[in-house]
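Working notes for the structure below.
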Amino acid sequence: MIDFDEALALLADNVRPLGCEQVELVAAHGRVLAEDVHAAVSSPRRAVSAMDGFALRDADAGVGARLRINGKSFPGSVLPPALSAGECVRIFTGAALPDGADRVIMQENCAADGAVMTIVDAYGPGWHVRHAASDFAEGDLLLKPGTLLDPRAIVALAGADRAAVQVAKRPRVAIIATGDELAPPGSARDNVLKIPESVSFGVAALVEEYGGTIEARLGGSDDLLTLRQLADKALAIANVVVVTGGASVGERDFAKVMFAEQELELLFSKVAIKPGKPVWVGRSQGRWVVGLPGNPGSAMVTARLFLAPLLGMLQGRPVEDVLDWVPLPAAQAFPIPEGRTTFVRAALSKSGLVPLANQDSSAQAPLGKARWLVRRDPAGKASHCDERMLALAF
Ligand SMILES: Nc1nc2c(c(=O)[nH]1)N[C@H]1C(S)=C(S)[C@@H](COP(=O)(O)OP(=O)(O)OC[C@H]3O[C@@H](n4cnc5c(N)ncnc54)[C@H](O)[C@@H]3O)O[C@H]1N2
Ligand code: MOO
């Protein structure tokens, strides 16, 4: 059994990105950038006003000054002529400053009467001018490969004047949920021997959150022959096959054996973590195979800790970007575990992280409230600081 950091390092050493493709800007959300994005235009393209008011020469400014209004400047419309001494231009936010102007005074501090503007109030120290290229200059590198194109990065991408972009290919994922007891949600109530199959739905949602596509959702009984057929089917259509359940040592735990004919090579099997000790990762026919323990809490924790980074790295994201641990204050003590590194499901209150009362790996109800995973290492294994906990958005 290896420890968590070793397992993650093994994974990081072995994952190679899948390659890239071009997508339109409107389809780029959630994708991972696969090229340098340089600005095709400067922002702003020339000096513009930051306020609605009057553009003028600072040398002409002063409370009581009267200036001749020499035209209007609107965003996107033709520039008014250059200013001469004693002149100003009516200007609006985002509009270009005419040559000669170097300052804008907000209209709240001015009074206009026909063609004359009088500065009537103290207008403060702000010049209210956004200089050419003060945000970025044409040619500047705005976004680097590996960047997740979230809603904010999409603004920078479009602001660079890009209509299409190279992004990483999405990993294609097939999920096989094993277990004779499982029934599709909505149908379990009809048979006392059945329980709703919940895990594959959570795992599929997580896969989509981390950029994968779900190619197939296969339900498997605990019959080895059937499971072998499902393994074949899944390997034929996916880059990543996720098997839930059957990871342990029970008589019908076939999650690994079902891939035996496809020469499964294990990267690791069993990690010293709680929950999720039976998690395993391997390669079969050039595909990744991830075995998640069947207990719903264990499955979701191990999906977050191993499957999410795998999907991220297949798309060229650094592992630290997917597992971005942040130090957060704790509202109460989190016990130091014995033996295995423990990932405590927690909520965040105004006074800090609070562990959820039920930490049983089979519990599903707490998953509705678990927003954070708090890492706790056994004494002597890693540094401890009880005021702040290392937490991961879950
Ligand atoms: N003798 C030992 N027994 C167990 C060990 C061990 O080391 N020695 N490890 C325990 C740990 S830790 C875990 S975690 C579980 C994991 O077992 P499996 O991966 O084989 O999971 P199953 O037995 O198939 O299921 C466990 C549990 O979860 C329910 N389940 C399974 N799949 C789903 C699903 N898709 N949706 C909802 N619920 C699911 C299943 O009904 C079981 O109740 O093994 C321990 N045993
Ligand atoms: O370690 Mo298992 O994943 O708790 O129940």
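No value in this document is a laboratory result; all are computed from the given coordinates. Because the structure is a prediction, the values reported are computed rather than measured. Here the Cβ positions follow ideal geometry from the backbone for every residue, glycine too, while neighbour counts run over all protein chains shown.
Under the Karplus relation 6.51 cos²θ - 1.76 cosθ + 1.60, θ = phi - 60°, what is the ordered set of whole-Hz ³J(HN,Hα) values for segment 274-288, x standing for Gly and Pro?
Computed from phi, the couplings for segment 274-288 are 9, x, x, 3, x, 4, 9, 9, x, 10, 8, 6, x, 9, 8 Hz.
Going toward the positive end of the dipole of segment 1-94, with +1 on Lys and Arg Cβ and -1 on Asp and Glu Cβ, which of Ala85, His29, Asn14 do you reach last?
Positive-most Cα among the choices belongs to Ala85.
Choose one answer from Ala370, Ala82, Ala299: the residue with the largest mean-square fluctuation in a GNM of the chain with alpha-carbon springs under 10 Å.
Maximum fluctuation in the GNM of the chain, among the listed residues, is at Ala82.
For the chain, what is the calculated [θ] at 222 nm in deg cm²/dmol (nearest 500), taking -39500 (n - 2.57) for each run of four or more DSSP H residues and dividing by its residue count?
-4500 deg cm²/dmol
Taking the alpha-carbon centroid of each part, what is the distance from segment 69-126 to segment 320-394 in angstrom?
Going from one Cα centre to the other spans 56 Å.
Over the alpha-carbon set of the chain, divide Rg by the Kirkwood Rh and report the Rg/Rh ratio to two decimals.
Using only Cα positions, Rg/Rh for the chain is 1.18.
Under 15 Å from the Cβ of Pro171, count the other residues' Cβ atoms, weight Lys and Arg +1, Asp and Glu -1, and hand me the total.
With Lys, Arg at +1 and Asp, Glu at -1, the net is +4.
Which value, in debye to the nearest 20, describes the size of the charge dipole of segment 326-393 about its Cα centre when Lys and Arg Cβ atoms bear +1, Asp and Glu Cβ atoms bear -1, and nothing else is charged?
Here the size comes out at about 200 debye.
Using a Gaussian network model on the chain with a 10 Å cutoff between Cα atoms, which of Ser187, Ser200, Ser221 fluctuates the most?
Looking only at Ser187, Ser200, Ser221, the largest GNM fluctuation is found for Ser187.
For the chain, give the magnitude of the charge dipole about the Cα centre (Cβ charges: +1 Lys/Arg, -1 Asp/Glu; no others), in debye to the nearest 20.
About 340 debye.
Per residue of segment 126-137, in order, report the coupling 6.51 cos²θ - 1.76 cosθ + 1.60 (Karplus, θ = phi - 60°) as ³J(HN,Hα) in whole Hz, putting x for Gly and Pro.
x, 8, 6, 10, 9, 6, 3, 6, 6, 7, 7, 9
Measuring from label point to label point, each 7 Å out along Cα→Cβ, what is the Ala347 to Ala164 span in nm?
4.8
So how do 70-77, 33-40 stack up, highest first, on mean other-Cβ count within 10 Å?
In descending order of packing, they fall as 33-40, 70-77.
Check Leu143: other-chain or 5+ apart residues with amide H under 5 Å from its amide H, H built from backbone geometry?
Val37
Work from the charge dipole of the chain (Cβ charges, +1 for Lys and Arg, -1 for Asp and Glu, about the Cα centre) and give the residue of Val203, Leu307, Gln229 farthest towards its positive end.
Highest projection toward the positive end goes to Val203.
Can you give me the long-range amide H partners of Cys110? Hydrogens built in the peptide plane at 1.01 Å from N, cutoff under 5 Å, separation of 5 or more residues or another chain.
Under 5 Å from the amide H of Cys110: Val120.
Pop a pseudo-label 7 angstrom from the Cα along the beta-carbon direction at both Trp325 and Ala50 and give the gap in nm to one decimal.
Taking the simple label geometry, Trp325 and Ala50 are separated by 4.0 nm.
Around Val243, which amide H atoms from residues at least 5 apart in sequence, or from another chain, sit under 5 Å from its own amide H, with H modelled in the peptide plane?
It is Ile176, Val290, Gly291, Leu292, by chain and number.
Please compute the net charge surrounding Lys233, taking Lys and Arg as +1 and Asp and Glu as -1 over other residues with Cβ under 14 Å from its Cβ.
Result for the local shell: +1.
Explain nothing, just compute: Karplus ³J(HN,Hα) = 6.51 cos²θ - 1.76 cosθ + 1.60, θ = phi - 60°, for every residue of segment 156-167 in order, whole Hz, x for Gly and Pro.
5, 5, 5, x, 6, 6, 9, 9, 8, 8, 7, 10
In a Gaussian network model over the chain where Cα atoms closer than 10 Å are linked, find which of Leu218, Leu193, Leu323 has the largest mean-square fluctuation.
Leu193
If each Cα of segment 48-130 is one equal point scatterer, what is log10 of I(q)/I(0) from the Debye formula at q = 0.14, 0.19, 0.24, 0.25 Å⁻¹?
Taking Cα atoms of segment 48-130 as identical point scatterers yields -0.35, -0.68, -1.13, -1.24.
I want the local charge near Pro185. Using Cβ-Cβ distances under 15 Å, sum +1 for each Lys or Arg and -1 for each Asp or Glu among the other residues.
That works out to 0.
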